[in-house]
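Below: one structure, written as structure tokens.
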Amino acid sequence: MYKKKFEACLKRVQKPARYIGNEFNSIHKEMTSDMMSFAFCFPDVYEVGMSHLGIKILYHMMNEWEDTVCERVFAPWDDMEQEMKKEGIPLLSLESYTPVREFDMVGFTLQYEMSYSNIVNMLKLAGIPLRTRERKIGDPFVCCGGPCAYHAEPLSDLVDFFILGEGEDIMREIMQAYKEWRGSGRTREEYLETIAKIEGIYVPSFYDVEYNDDNTIKSFEPNRDCAPKKVKKRIILNFDDTYIPEKLIVPFMEVVHDRIMLELFRGCIRGCRFCQAGYIYRPVRERSVKRLVGAARNAIDATGYEEMTLSSLSTSDYTCLFELIDELLKITVDKRINLSLPSLRVDNFSMELMEKVQKVKKSGLTFAPEAGTQRLRDVINKNVREEELIRTTSIAFEGGYNRVKLYFMMGLPTETDDDVLGIGDLADKVIDAFYQVPPEKRKGRSVTVTVSTSLFVPKPFTPFQWEPQNRISELERKASMLSKSITNRKIIYNWHSSQVSFLEAVFAKGDRRLGEVLISAVEFGCKFDGWTDFFDYEKWMKAFEINGIDPEFYAYRRIGYDEILPWDYADIGVNKSFFIAEHKRAYEEKTTPSCREKCAGCGAAQFGGGVCFE
Amino acid sequence: MSKRRLKFSKLNMAKFISHLDLMRCFQRAIMRSGLPVEYSQGFNPHQRMTFALPLPVGVTGEGEFADISFEDGKVTDEEIKERLNKNLPPDIQVLSVGDLIFKAADIVCAEYTMKLYSDKKIDTEKIKEFFGKDEVIVMKRNKKKVEKPINIMEYIRAWEVIDETERTLTLRLVLDAGGERNLKPEIVAAKICEGDENMCADDADICRTKIFCRSGDVLELFR
Ligand code: SF4
């Protein structure tokens, strides 16, 4: 019913292809009244959302069920939002232009904290009551999943339930329970009570939180029997059995990652102490070469994509990487498909591998040593040694590369000015390595090294979860010190906005008192905080102020081991005692070997599979 | 190598797909279909593909044209049509495949249907009056990106009302089109709706139905 007006809006906005749907392989099922409907919402624009693997997995999987229809919803860009508001059009799904509020279930995927304002804004545009207590029979259930769902307490007043862990199995159980609940005359609360018993479901309204005078948490307890004290994440042990979407939607417009993404394994064996992804996906589970090659072949045939990338946290840790690449090249070379390999680790990057990839495409070289000195790299357990970095870049220079990008974090625990200055020294050594290569082997006369630093954000479920973040002023001091120390004009130094990183820390480690701040911020116009053209720090500060909340409490305070953390309810399978031990080892500058070298006994073996039993 | 001319439709929401995106859509459909297309030589080989007259974004097309090179004698026209249609999205479909008869450079005009909507009873007389005017000036950017005033009435070759209801009016228009003189139908819609608070040009459904080219002294349907 809104379609005609919606079309008129599209004539007045930029990039209308964001809103039209109907792409090849998109699924259009008739929504009959006996079916269940799920609106899969991505809290960012189309081209960002469509680059994301998780949405593709669940979208195709749920639409294979006869009793369910799953449609996509993205955040409209500001121009479209204004047009829709003018015409009185609520947020609509992409497939059938159905108002989102008419769906049975509205599910958001939480990829990063800075998308929370978009979730609030999308609920508003949809006309769904913002707070769970305001929702009635006839309103959809709002749920969230994805990597941030383990610690999304700031959204607790707005979200009916969270899904912890891999959604592939659990989705079916949730929808089955919905089918039985629907039309039974039971209350919304009764539905939530049913699903609270499903492992991996967290219903925040079933927990009461009390605070101490100093604002720390005094108690965090379930208020009814169906709610477990700790909610354990769900994982799928046999990764070969998991659903791999092959008939991927092929967008009309260019999206951020416009290619086939082949997920080799989930998790990471490394255990870098700042990296949340390295812990929440434990244990590492791999797919077999056979399964991957089959899926790759089918995806190529079904999409016509001209590029394929291997996507995992640390691709070069895949046990059969060479075999896999050989098999994939057999398919891709003939079809003129580019195979790209992101996130190669410095320590096992080799000439042979490089040449293999070069056969199809030569992309720039990127390394992330993360810290400038060996001492600090030991603290964060980033097992990259300077010699290895220099050796690898030398090989690369001999292979014809002459541009290197180096990524670092600033404000890491125990960081001194020497560590900061070490970043510049390391960049200098890479430049020296270039000139060590005989001129006839080098490509081009000169070399450029781009150094980027970002502000470290302490994250829940890492050994650094108790750490304070550096103040913005401190970061600025360090960045300008480093900038002054870099005199070589072949080094380009960039550093990133720290106000966003500060808010990221606040919302990553925040509790449910931040829900009202989010609502106020959106009222003031905050949205798309990940986009520099929208991010408005002043508005955020105003939102904290009127709600009487001090954001520094969450980001700048050193937390004691005995404190109750706002995310303690979630059990990701890695023990708190392990995080404490790792935190202590960090201060002793001791590294911890990877899961394949020696198991560190983190607790994830309780799931009974993956790398722990290799 | 054999160049084939594909006549295709671009309907419904596909009207919002830009020219560049449409090209990519065809390229991927060809990849999926496995049809033996010719690739250009050189460092970055790509499929050879040209479109006769790109459609403005927001306008549907019932008979658009793309020229694509296939390897000689490996597929029939019927096969090309069938395999591509299986691999194109539903709103973009190949209608026929054949030889290249005319040159795209000879295109001179195109026929459109335009359905106008009004919130109240539509003022047909006023619209008819519009087409009787000698001069309606709009600013138009030329190839050098300089704005110049043009009289759009000189670009309208023919018009007629083909359907009328209480609140809608459907017109058939023939407008100059092609490399030399080109008038976008949206501009005509905008001028018709200008000053009428019950009408909005963005509501208009515009469809390009035919493309004509010069062949000696006569106009021919482009094919
Ligand atoms: S239990 Fe050992 S092998 Fe398993 S994830 Fe933890 S550290 Fe790695």
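The values are calculated or read from the model by the stated rules, or taken from the named source; none is laboratory data. What you see is a predicted model, and the numbers here were worked out from it, not measured in a lab. Note: ideal-geometry Cβ built from the backbone for every residue, glycine included; neighbour counts use all protein chains shown. Only protein heavy atoms, including side chains, enter the accessible area calculation; ligands, DNA and RNA are left aside. Shrake-Rupley method; radii C 1.70, N 1.55, O 1.52, S 1.80 Å.
Quick notes on this one:
- Qualifying positions in the stretch A:583-606 - more than 10 Å from the ligand (Cβ to nearest atom) and crowded, with 18+ Cβ neighbours inside 10 Å: A:His583, A:Arg585, A:Ala586
- Positions within the stretch B:63-86 being within 14 Å of chain A (Cβ to nearest Cβ) and open to solvent by less than 30 Å² (accessible area, probe 1.4 Å), in sequence order: B:Leu84
- Of residues in the stretch A:45-57 being under 18 Å from A:Pro245 (Cα atoms) and open to solvent by less than 30 Å² (accessible area, probe 1.4 Å), the one farthest from the other protein chains (Cβ to nearest Cβ): A:Gly54
- Take the conditions (1) in a helix (DSSP H, G or I); (2) within 17 Å of B:Phe16 (Cβ to Cβ); (3) away from every other protein chain (no Cβ under 14 Å); A:Arg72 misses just one of them, which is (1).
- Given (1) at pLDDT 95 or above; (2) in a helix (DSSP H, G or I), number of the condition A:Cys41 does not satisfy: (2)
- Any hit, the stretch A:405-416, residues being aromatic (Phe, Trp, Tyr), open to solvent by 10 Å² or more (accessible area, probe 1.4 Å) and in contact with a strand residue (DSSP E or B) (Cβ under 8 Å, 6 or more places away or on another chain): yes
- A:Arg557 passes every criterion in (1) outside any helix (DSSP H, G or I); (2) touching a helix residue (DSSP H, G or I) at 6+ places or on another chain (Cβ under 9 Å) apart from (2).
- Qualifying residue in the stretch A:310-332 (condition: in a strand (DSSP E or B), open to solvent by 20 Å² or more (accessible area, probe 1.4 Å) and either within 30 Å of A:Ala505 (Cβ to Cβ) or within 16 Å of the ligand (Cβ to nearest atom) (or both)): yes
- The condition of being in contact (Cβ under 8 Å) with a residue 40 or more places away in the chain and closer than 23 Å to A:Ser497 by Cβ holds for only one of A:Leu421, A:Leu426, that being A:Leu421.
- None of A:Glu516, A:Glu545, A:Glu504 is under 25 Å from A:Ser314 (Cβ atoms), part of a helix (DSSP H, G or I) and away from the ligand (no atom under 16 Å from the Cβ) except A:Glu504.
Per-residue answers, yes or no, for (1) assigned by TED's automatic domain parsing to the domain that holds A:Ile580; (2) modelled with pLDDT under 90; (3) of a type in the set (Asp, Glu); (4) out of contact with any Gly (no Cβ under 6 Å at 6 or more places or on another chain):
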| residue | (1), (2), (3), (4) |
| --- | --- |
| A:Ala296 | yes, no, no, yes |
| A:Ile300 | yes, no, no, yes |
| A:Glu307 | yes, yes, yes, yes |
| A:Ile325 | yes, yes, no, yes |
| A:Thr332 | yes, yes, no, yes |
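- Pairs are defined by a Cβ separation below 7 Å, a sequence spacing of at least 6 or placement on different chains, a first member in the stretch A:599-613 that is in the same structural domain as A:Arg270 (by TED's automatic domain parsing), and a second member that is within 8 Å of the ligand (Cβ to nearest atom) and aliphatic (A, V, I, L, M); the pairs so defined are A:Cys602/A:Val574; A:Gly603/A:Val574; A:Ala604/A:Val574; A:Gly610/A:Val284; A:Val611/A:Ile269; A:Val611/A:Val284; A:Cys612/A:Ala604; A:Cys612/A:Ala605.
- Taking the criterion of being of a type in the set (Asp, Glu) and in contact (Cβ under 8 Å) with a residue 60 or more places away in the chain, the residues of the stretch A:65-100 that qualify are A:Asp67, A:Asp78, A:Asp79, A:Glu83, A:Glu87, A:Glu95.
- Residue satisfying condition, being away from every other protein chain (no Cβ under 14 Å), open to solvent by less than 30 Å² (accessible area, probe 1.4 Å) and among the hydrophobic types (A, V, I, L, M, F, W, C), within set A:Phe42, A:Phe6: A:Phe42
- Pairs where the first residue, in the stretch B:115-143, is modelled with pLDDT under 90 and the second is small (Gly, Ala, Ser) and assigned to a strand (DSSP E or B), C-beta under 8 Å, 6+ apart: none
- Unmet criterion (only one of (1) within 16 Å of the ligand (Cβ to nearest atom); (2) in contact (Cβ under 8 Å) with a residue 60 or more places away in the chain) for A:Glu254: (1)
- Pairs linking a residue in the stretch A:281-308 that is within 14 Å of chain B (Cβ to nearest Cβ) to a residue that is assigned to a loop (DSSP other than H, G, I, E, B) and polar (S, T, N, Q), with Cβ atoms under 9 Å and 6 or more positions apart or on different chains, are A:Ala302/A:Asn25; A:Thr303/A:Asn25.
- Any hit, the stretch A:58-69, residues being within 13 Å of another protein chain (Cβ to nearest Cβ) and either under 27 Å from B:Asp203 (Cβ atoms) or open to solvent by less than 30 Å² (accessible area, probe 1.4 Å) (or both): no
- Among the residues examined, B:Val97 does not qualify as open to solvent by less than 50 Å² (accessible area, probe 1.4 Å), part of a loop (DSSP other than H, G, I, E, B) and more than 12 Å from every other protein chain (Cβ to nearest Cβ).
- Selected residue (criterion: farthest from the other protein chains (Cβ to nearest Cβ)) from residues of the stretch A:15-25 that are open to solvent by 20 Å² or more (accessible area, probe 1.4 Å) and modelled with pLDDT under 95: A:Asn25
- Any hit, the stretch A:548-557, residues being within 23 Å of the chain's Cα centre (by Cα), within 11 Å of the ligand (Cβ to nearest atom) and surrounded by 18 or more Cβ atoms within 10 Å (Cβ to Cβ): no
For (1) under 21 Å from B:Pro56 (Cβ atoms); (2) in contact (Cβ under 8 Å) with a residue 60 or more places away in the chain; (3) open to solvent by less than 70 Å² (accessible area, probe 1.4 Å); (4) part of a loop (DSSP other than H, G, I, E, B), each residue gets a yes or a no:
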residue: B:Ile150; (1), (2), (3), (4): yes, no, yes, no
residue: B:Arg157; (1), (2), (3), (4): yes, no, no, no
residue: B:Val161; (1), (2), (3), (4): no, no, yes, no
residue: B:Glu166; (1), (2), (3), (4): no, no, no, yes
residue: B:Leu171; (1), (2), (3), (4): yes, no, yes, no
residue: B:Glu186; (1), (2), (3), (4): yes, yes, yes, no
residue: B:Arg223; (1), (2), (3), (4): no, yes, no, yes
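- Taking the stretch A:266-280 as the range and being open to solvent by 10 Å² or more (accessible area, probe 1.4 Å) and either within 14 Å of chain B (Cβ to nearest Cβ) or more than 11 Å from the ligand (Cβ to nearest atom) (or both) as the test, the residues that pass are A:Arg266, A:Cys272, A:Phe274, A:Cys275, A:Gln276, A:Ala277.
- Of residues in the stretch A:563-582 being within 14 Å of A:Lys230 (Cβ to Cβ) and more than 16 Å from the ligand (Cβ to nearest atom), the one most open to solvent (accessible area, probe 1.4 Å): A:Ile564
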